Each structure stands twice: as structure tokens, then as C-alpha cells.
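Below is one structure, written out as C-alpha cells; comments come after it.
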Amino acid sequence: MTKKIIFCAFWLFGQNFLLFAQVKISVFTGKIPALKNASERLFLAGDFNGWNPADKDWELLKTDGEKYSLTRHLNAGIYRFKITRGSWKTAECDAVGKQTDNRQLKLNADTSITIDVAGWQDNFAQAQKKHTATARVRIISEEFNMPQLNRRRRIWIYLPADYESVKRRVPVIYMHDGQNLFDEYTSGYGEWGIDELMDQVAAKRHCIIVGIDHGGENRITEYDPYDSKYGRGRGADYARFLVETLKPYVDSHYRTLKDAEHTTIAGSSMGGLISLYAAVKYPRVFGNAGIFSPAFWIAPQLYDLVKQAEFYKNTRFYFVCGDAESDSMVADMQKMADLLKAKGIKPQNTPVVVVKGASHNEKQWNGDWPGFYKWLLGR
């Protein structure tokens with residue numbers, strides 16, 4: 001009887017903790033530009049929903065007149081978001097059509113906010129983007145076959161400056177979100193500038209870098225091995241594509257060092273998530289992983305995967321994020337690093353870098369790259 005009472009007490013405590021861990025957020029629109037037609041809808045897109053610009057769970061509903069509102073519950077913490085009309089092409093902007101920084105909200109208690117929108121992106125002529133990819137960047141294919149997903153995708157490659165003149169084999173880094181790595185013209189929110197950063201490195205210390213475009217509306221599910229509210233997880237299929245199709249192609253067409261020690265996988269946000277998964281699932285293929293601002297919150301099953309996995313003692317993981325991304329980002333990343341250490345991965349092979357004041361964007365990852373690359377080549 002006593003055990004039952006204790007169990008019930010702990011159960012009630014747990015339920016109350018979950019209840020009080022969440023706070024209510026009520027969002028109202030203030031002044032907003034007119035919508036183009038009566039069928040248009042407004043949404044919130046942020047780090048609480050994978051930046052989905054048309055998430056029905058985060059739709060603002062029309063109230064009186066031309067006002068819209070939304071009430072949801074979230075865990076206390078820091079969140080970033082924007083308001084959209086269903087796509088990033090129709091997202092909010094400033095009064096002259098320039099892209100604005102993400103809105104930031106810190107939730108400690110029930111909160112109500114009123115949002116004024118200065119303009120909609122599609123109401124302005126867009127500034128002409130320029131191609132910024134350097135001479136070392138090539139396109140392997142605009143429609144590279146992905147049989148594991150029954151899709152096609154653009155694949156980029158960065159070749160070392162001395163690739164044609166020095167007949168040596170080179171390490172390879174595979175990276176996700178290829179649109180955002182090298183070229184401002186194809187990037188959605190700015191580029192990493194990987195090619196410009198690598199052009200500053202001595203040629204003898206270069207790697208081949210392969211960039212795989214993300215799948216647009218399929219990005220979240222392609223980079224998630226598990227099913228979620230966003231759909232059926234195809235991350236396992238995507239990882240198989242990298243291992244079974246893309247890497248063999250690259251190894252057969254370029255002078256690569258094929259072993260795991262010289263093969264790295266890296267990415268940010270959902271790309272960080274799938275990079276960790278691939279390195280854990282295929283340690284004989286990917287001996288190193290760059291985990292930038294990982295979105296572990298969407299796939300907590302990853303922690304169990306790591307607990308059950310078998311590792312080689314020399315497998316390496318580099319974790320980096322900003323302390324202004326969300327309240328859980330640093331803790332989630334540290335938890336994963338601690339699990340890897342508990343599995344026998346050496347501390348020097350699981351560094352955790354937290355950048356003070358850094359946010360969740362390409363500018364941050366551009367700044368994170370030199371430290372990661374120095375660590376990667378410092379084996």
C-alpha cells in the first residue's frame with residue numbers, strides 16, 4: 001500500500017511538473033498589410049515547428065475585422081519566429097522589402113504579444129541575387145538520382161586548389177543544405193561561404209567538399225530518421241543514399257581517401273541531426289561528424305540510438321552552437337556529447353563549443369567553420 005501511495009505521489013508530481021513546465025502564448029496581429037485575397041492564411045514559423053511556413057498547427061485564425069490570433073502552449077524558453085502567408089516567398093519583411101531578422105521571444109510565464117507587420121516579401125521587387133561561388137566550386141549534376149528516395153537532387157563539389165596539378169588523394173566532407181553552402185544566388189537566407197573560407201586555407205590542407213541540396217518541403221522528413229508530426233521520416237533512406245549511391249560515385253570519379261578516418265559528414269540544424277545519425281549508423285563510413293546547432297528536439301529517439309550503438313574508439317564528433325539559439329539547444333547538445341563519452345568516445349573526440357551570443361543562422365555557421373576545420377585536420 002505504501003509503495004502505491006509513493007508511486008501515485010511521484011506520478012502526480014510528474015504530471016504537475018509537465019503542466020507547469022509549459023506556458024501559454026497568445027499572439028495577436030496589430031497593423032498588417034492587406035492580404036491579396038480572402039483565401040490567404042497567416043502562420044507562425046519558428047524553431048518550435050521546424051520553421052515550417054505553412055504549419056496548420058500554428059495558423060493564426062481570423063477574429064474581428066482584419067485581426068488574427070493564435071493561442072498555444074510551449075515550454076518556457078527562448079524562441080525565434082516569423083509570420084508568413086504560407087511560404088517563405090510570402091513571409092514578412094520591412095517596409096521597403098528587405099528581409100528582417102527573426103523575431104525573438106523569451107517565455108517565462110503566460111504571455112500575450114501583438115505583432116505589427118511592415119510588409120510582405122512578395123509585394124516588392126526582389127533585389128537581384130548574384131552568383132558568389134568561387135572557381136573551385138562545380139556542379140556534379142543538377143538531377144543526381146537518389147534511388148533510395150525516388151527523387152533527384154543537385155549535387156555540388158568543391159575541389160582543392162591544387163587538385164589538377166598534384167595527384168594526391170584527398171579527404172572528403174559531405175554536407176547537407178547544399179543550396180546554402182557556396183552560392184548566395186541559390187541560398188535562402190544567406191550562404192555559409194564555405195568556398196571563400198576554404199580558399200584561405202593552404203591547398204595542401206584542403207578537403208573535397210560535397211554539398212547535397214535539401215529537398216525543399218521534404219527537408220524536415222528527409223533529415224529525420226523517425227516519424228513525426230511533419231510526416232514519415234525518410235532520414236534512414238537519405239543516409240543510405242549517401243552511403244550506397246553518392247559516396248561510391250564520388251570515390252570512383254575523384255581522387256579521394258575512401259576510409260572512414262578521412263570521410264566526414266556535417267550540417268546544421270536538421271542537417272546536424274542527420275549528420276549525427278549517419279555517423280552513428282555508419283561508423284565504418286563516416287569517421288568524423290560536424291554537428292552544428294543540431295535540432296535534436298525533433299527526434300529524441302536519437303539518444304536511445306546512441307545508447308545502443310557500438311562505436312570505434314577513433315570516431316569523432318564536433319558539437320557547436322550559440323547560447324542564444326534556444327534554452328534547450330546547449331543542454332541537448334551536451335547531453336548527446338555526454339552519452340558518446342559514456343560509450344567510450346574520447347573527450348578530445350567529442351568537443352562541445354558554445355558561442356556566446358550566437359544565433360541560429362548561416363552567419364553563425366560561417367564563423368563556426370574555421371574552428372571545426374582546424375579540429376578536423378588536427379587528428
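Here is the figure for the stretch 287-332: residues that are aromatic (Phe, Trp, Tyr), under 30 Å from residue 356 (Cβ atoms) and free of Cβ contacts under 8 Å to residues at least 40 places away in the same chain total 3. Taken together, the criteria exclude residue 237 from residues that are under 30 Å from residue 99 (Cβ atoms), in contact (Cβ under 8 Å) with a residue 40 or more places away in the chain and more than 14 Å from the chain's Cα centre (by Cα). Residue pairs whose Cβ atoms lie under 6 Å apart, sitting 6 or more positions apart in sequence or on different chains, and linking a residue in the stretch 214-225 that is at negative phi to a partner that is among the charged types (D, E, K, R) and assigned to a helix (DSSP H, G or I), are 215/222. Exactly one residue among 113, 194, 155 is farther than 23 Å from residue 376 by Cβ and at pLDDT 90 or above, and that residue is 113. Let me confirm something: among 91, 95, 76, 54, which residue is small (Gly, Ala, Ser), on the phi < 0 side of the Ramachandran plot and modelled with pLDDT under 85? Just one listed residue meets the conditions, 76.
Every condition in (1) touching an Asp or Glu at 6+ places or on another chain (Cβ under 8 Å); (2) without any contact (Cβ under 8 Å) to a residue 60 or more places away in the chain; (3) closer than 25 Å to residue 58 by Cα holds for residue 161 except the one numbered (3).
Please specify each residue of the stretch 213-249 satisfying the condition of being of a type in the set (A, V, I, L, M) and closer than 20 Å to residue 302 by Cβ. Within the stretch 213-249, 220, 236, 239, 242, 243 meet the criteria. Residue check: residue 260 meets all listed conditions (1) small (Gly, Ala, Ser); (2) surrounded by 24 or more Cβ atoms within 10 Å (Cβ to Cβ); (3) in contact (Cβ under 8 Å) with a residue 40 or more places away in the chain but one, namely (2). The residues of the stretch 291-319 that are under 12 Å from residue 350 (Cβ atoms) and either touching a Cys at 6+ places or on another chain (Cβ under 8 Å) or assigned to a strand (DSSP E or B) (or both), listed by number, are 291, 316, 317, 318, 319.
Taking each residue of the stretch 47-74 that is of a type in the set (A, V, I, L, M) and looking for partners that are loosely packed, with under 12 Cβ neighbours inside 10 Å with beta-carbon atoms closer than 8 Å, six or more apart or interchain, yields 70/61. Restricting the first member to the stretch 23-46 and to residues that are closer than 17 Å to residue 105 by Cβ, and the second to residues that are in a loop (DSSP other than H, G, I, E, B) and among the polar types (S, T, N, Q), the beta-carbon pairs closer than 7 Å and six or more apart or on different chains are 45/52. Residue 172 meets all of the listed conditions (1) in contact (Cβ under 8 Å) with a residue 24 or more places away in the chain; (2) farther than 26 Å from residue 372 by Cβ but one, namely (2). Candidates in the stretch 135-147 are the residues that are part of a loop (DSSP other than H, G, I, E, B) and out of contact with any Leu (no Cβ under 9 Å at 6 or more places or on another chain); of these, the one that is surrounded by the fewest Cβ atoms within 10 Å (Cβ to Cβ) is 135.
Among the residues of the stretch 351-379, those that are under 21 Å from residue 265 (Cβ atoms) and assigned to a strand (DSSP E or B) comprise 352, 353.
The values are calculated or read from the model by the stated rules, or taken from the named source; none is laboratory data. The structure displayed is predicted, hence computed values, not measured ones. Every residue, glycine among them, receives a Cβ derived from its backbone with ideal geometry; neighbour counts consider all protein chains shown.
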